[in-house]
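A.B. asks: Right, I'll just put the structure down here and ask away after.
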Amino acid sequence: MHAESQKVGWLEGILEAIHDGILVIDRNGIVQLINDEYTSITGVKKEQIIGKPLLDVRPGAMLPYVLQDGKPQAGVFRKENTREYVVDMAPIYINQEIIGAVSVCKSIPEVYQLTKELKKSKMRISELEKTFGRMHQAKYTFSNIIGNNDRLLMMIAQAKKAAASDLNILLSGESGTGKELFAQAIHNESNRRSYPFVPVNCAAIPSSLLESELFGYEEGSFTNSKRDGKVGLFELANQGTLFLDEIGDMPLDLQAKLLRVLQEGAFRKIGGLEEQKVDVRVIAATNKDLLGMVQKDRFREDLFYRINTVHLSIPPLRQRKDDIPDIIAFLLNEQKSIPDARIEQEAMNTLQQYDWPGNIRELKNTIYYAISMCEGNEVKFEHLPDTIKKLFVQKAKPFQPLEVLMKETEKKAIIKVLEQTGSSVKGKKEAANLLGISLASLYNKITRLNIQQ
Ligand SMILES: Nc1ncnc2c1ncn2[C@@H]1O[C@H](COP(=O)(O)OP(=O)(O)OP(=O)(O)O)[C@@H](O)[C@H]1O
Ligand SMILES: [Mg+2]
C-alpha cells in the first residue's frame, strides 16, 4: 500500500511537470487522473471530473471510443466555447490488455503561436541566407585574369578543368600573384557558383579563435561565448566553396579536424555532440613551401595529400614579364577620370626591367601611384615611386635625350616660380619677369609643357 501511494505520488509529479494537458481514464471510462495543465487548457477542475465517467462530465469526448477499438488518434481538433485545442489519444495496454486510455492536449493558441514563430524564423533564415550569399559572392571570373604568357595560359586551362571537377585545389604562389583571383574564378566557373564563396585567412585570425570561426560552437560551450552558439564558416559555405587562404598558418590540431571534414564530409561543432554533414569544396592557398613544412613536421602529411589533389602553382610576375604591358594597359584603361591615359616608353622599359617582389599587387599599386603623380595623362619615369626609380636612375638618366632633359628642367623651374608668385595674371607677370621671358612666352610654355595650375 505504501509502495502504491508512493507510485501515485511519482506519477502525479511527472504529470505536473509535463507542459501538455493530460487526462487518464480507466477501462470503465472513469476519469482517474488529470494534471493542472489540462485544467488550464479545458477549464475543467479536478473535483468536477475525477472519479466520474468521462462521458457524463464531458459529453462528446472521444477517448472512450479509443478504449473500445484500441486505436490511437492524433491531432483531433476540439472547440468548446472560446477554447480551442488539439488532442492526441492512445489506449494504455498492460500484457496486451487495454486497461485505460490517455488523452494529451495542446491549446491551439500555443501551437498556433509556435507555428507562427517557426514560420517567421524560417523566413528570417532564408532572408539571411540570401544576404549572406550576396555578401559572399566571388567577384572575379577567368575573364578578369590578364596575361598571355604561355605558363599563365597553361595554368588557366588547368584551373578551368579543375573547376569542372569537384576536387579540392591547392593554389601556391608568391604574394600578389593572384591566388585569390584564381580561387574566385574557379568558384564562378564551377557548379557551385550560385552558392557562397567564403574566404578565410588562416594567418589573420588568432589560432585560438580559428576553430570556432571555422566550425562554430553550441550554445553555452564557453563561459564567454554567445548564448545562442555560433554558426561556423564551414556551415555557411555549405554547397559552395571555402577558400582557406594562408593554409600553412593553420595550427596542427586544427589541421587534424580539417582533414576529418575533408574525408568524412562531416564535422562536430565545439561543444556539440552530433556530427553535422556539410558539402563544401575547399580551395586552399599558400605562399609557403608546404612540402618543406611537411618534412619539418609543421604541416600534416595526410592533409597535404588531401588538399593537393590538384595543385596549381601560379608563376611570379618576374617569370612572365611579357604580360607587364598588357596589365599596365588594362590598369591605365581602367582610369575613368583620365581618358586616354598613357605611359611613356622609358617608364615602360623600367617597369619591365624591375623584378616585382610584390607581383601584380605591387604593379597595380605602382601604376595607381604614378597616375596620381602625373599632371597630364602620360605616366613618365619621374612619376614612378622612388624605390623603383632609385634602382634605375643611374642607368636611365644618361640615355635621356637632351631635349627631354631641357623640357623637364624648364617645367620644374616654371612650377617652382609659380608656386612663389601665384598663378593669377599678376603672379604670372611677375613669374615671367623672374624667368626673363615674356608673358606670352610663359603662357605658351605652360600649355606646351602641360603645367597644371
Ligand atoms: N593576372 C591578373 N590579371 C589582373 N589582375 C590580377 C592578376 N593577378 C592578380 N591580379 C590582381 O592583383 C591583386 C593581388 O591578387 P590576389 O589578392 O589574388 O593575390 P594573392 O596571391 O592572393 O596575394 P597574397 O598572397 O598576398 O594574398 C588583386 O587586386 C588582383 O585582382
Ligand atoms: Mg591572397
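The values are calculated or read from the model by the stated rules, or taken from the named source; none is laboratory data. Not measured: the values here are computed from a predicted model. So basically every Cβ, Gly included, is an ideal-geometry build from the backbone, and we count neighbours across all protein chains shown. The area values use the complete protein model at the heavy-atom level, side chains included, leaving out ligands, DNA and RNA. Shrake-Rupley method; radii C 1.70, N 1.55, O 1.52, S 1.80 Å.
A.B. asks: Give the residue list of GluC sites (Glu not before Pro) in the range 353-386 that are DSSP loop and have at most 14 other beta-carbon atoms within 10 angstrom.
C.D. replies: Listed in order of number, the matching sites are 375.
A.B. asks: Using 19 Å as the cut-off for backbone N distance, which residues of the range 119-153 belong to the label zone defined by a point 7 Å from the Cα of residue 313 along Cα→Cβ?
C.D. replies: Those under the cut-off are 149-153.
A.B. asks: Ignoring ligands, DNA and RNA, what percent of the 1.4 Å accessible area of the chain is carbon and sulfur?
C.D. replies: 53
A.B. asks: If the chain between residue 12 and residue 252 were fully stretched, how many nm would it gain, using 0.36 nm times the residue separation less the Cα-Cα distance?
C.D. replies: Roughly 81.0 nm would be gained on extension.
A.B. asks: Quickly estimate the mean residue ellipticity at 222 nm for the chain, helices only: each DSSP H run with n ≥ 4 gives -39500 (n - 2.57), and the total goes over all residues, rounded to 500.
C.D. replies: Calculated at 222 nm, the ellipticity per residue is -14500 deg cm²/dmol.
A.B. asks: I would also like to ask the following. Heavy atoms only, 1.4 Å probe, whole protein assembly: order 438, 143 by accessible area, highest first.
C.D. replies: Highest to lowest solvent-accessible surface, that is 143, 438.
A.B. asks: Okay, next question. If you take the beta carbon distance between residue 238 and residue 403 as r and set R0 to 45 Å, what does 1/(1 + (r/R0)^6) give as a FRET efficiency, to the nearest 0.05?
C.D. replies: It comes to 0.10.
A.B. asks: Determine the gain in length on full extension of the stretch residue 208-residue 158; use 0.36 nm per residue of separation and subtract their C-alpha separation, reporting nm with one decimal.
C.D. replies: Separation in residues times 0.36 nm, less the Cα-Cα distance, equals 14.4 nm.
A.B. asks: Of the listed pairs 389/412; 45/71; 139/161; 120/277; 321/389; 139/277, which have alpha-carbon separations greater than 22 Å here? Mind dumping the intermediate values first?
C.D. replies: Values: 389/412 18 Å; 45/71 27 Å; 139/161 20 Å; 120/277 25 Å; 321/389 18 Å; 139/277 27 Å.
Listed pairs above 22 Å: 45/71; 120/277; 139/277.
A.B. asks: If you place +1 on the Cβ of every Lys and Arg, -1 on the Cβ of every Asp and Glu, and leave all else neutral, what size is the dipole of the chain about its Cα centre, to the nearest 20 Debye?
C.D. replies: 1680
A.B. asks: Here's something else I'd like to know. Where the only charges are on Cβ atoms (+1 Lys, Arg; -1 Asp, Glu), what is the dipole of the range 6-67 about its Cα centre, to the nearest 20 debye?
C.D. replies: Its charge dipole is roughly 220 debye.
A.B. asks: Largest first, how would 373, 154, 89 line up by accessible area (1.4 Å probe)?
C.D. replies: So, going from the largest accessible area down, we get 154, 373, 89.
A.B. asks: For residue 391 and residue 167, what is the calculated FRET efficiency with R₀ set at 41 Å and r taken between the beta-carbons, to the nearest 0.05?
C.D. replies: Working: r = 42 Å, r/R0 = 1.03.
Efficiency, from the Cβ-Cβ distance: 0.45.
A.B. asks: Starting from the coordinates of the alpha-carbon atoms of the range 142-313, obtain the Kirkwood hydrodynamic radius over all distinct pairs and give the value in Å to one decimal.
C.D. replies: 16.6
A.B. asks: How big is the shadow of the Cα convex hull of the range 2-110, averaged over all directions, in nm²?
C.D. replies: Spelled out: convex hull of the Cα atoms, projected over all directions, averaged, 7.1 nm².
A.B. asks: Same structure, new question: Holding the Cα-Cα limit at 28 Å, pick out from 230/288; 230/364; 288/364 the pairs that are longer than that.
C.D. replies: Long pairs (Cα-Cα over 28 Å): 230/288; 230/364.
A.B. asks: If you roll a 1.4 Å probe over the heavy atoms of the protein chains, what accessible area per residue do you get for the chain, in Å²?
C.D. replies: That works out to 58 Å² per residue.
A.B. asks: So what's the net charge close to residue 411: Lys and Arg +1, Asp and Glu -1, counting the other residues with Cβ under 15 Å from its Cβ?
C.D. replies: Values: positive: 380, 407, 412, 416, 445, 448; negative: 344, 375, 378, 382, 403, 408, 410, 419.
Summing Lys and Arg as +1 and Asp and Glu as -1 gives -2.
A.B. asks: With axes computed from alpha carbons, what is the tilt in degrees of helix 324-333 against the longest principal axis of the chain, rounded to the nearest 10 within 0 to 90?
C.D. replies: Rounded to the nearest ten degrees, it is 80.
A.B. asks: Along the Cα-to-Cβ line of residue 80, 7 Å from the Cα, sits a label point; which residues in the range 3-46 have backbone N less than 18 Å from it?
C.D. replies: 20-26, 29-46
A.B. asks: Based on the mean of other Cβ atoms within 10 Å per residue, sort peptides 193-204, 285-296 so the most packed one is first. Don't jump to the answer; show the numbers that get you there.
C.D. replies: Values: 193-204: 18.2, 285-296: 15.7.
Ranked by mean Cβ neighbours within 10 Å, highest first: 193-204, 285-296.
A.B. asks: Quick one: the Cα spread of the chain along its three principal axes, in angstroms, biggest first?
C.D. replies: 124, 62, 38
A.B. asks: Something else now. With each label point set 7 Å from Cα along the Cα-Cβ vector, what nm distance links residue 425 and residue 448?
C.D. replies: 2.4
A.B. asks: Additional query: Nothing charged except the Cβ atoms of Lys and Arg (+1) and of Asp and Glu (-1): what's the magnitude of the dipole of the range 317-398 about its Cα centre? Round to the nearest 20 debye. Please report the intermediate quantities before stating the final value.
C.D. replies: Values: 12 positive and 13 negative charges, 58 e Å.
Using Cβ point charges on Lys, Arg, Asp and Glu, the range 317-398 gives about 280 debye.
A.B. asks: Which Cα, out of 349, 156, 25, lies furthest along the positive dipole direction of the chain (beta carbon charges, K/R +1, D/E -1)?
C.D. replies: The Cα lying farthest towards the positive end belongs to 349.
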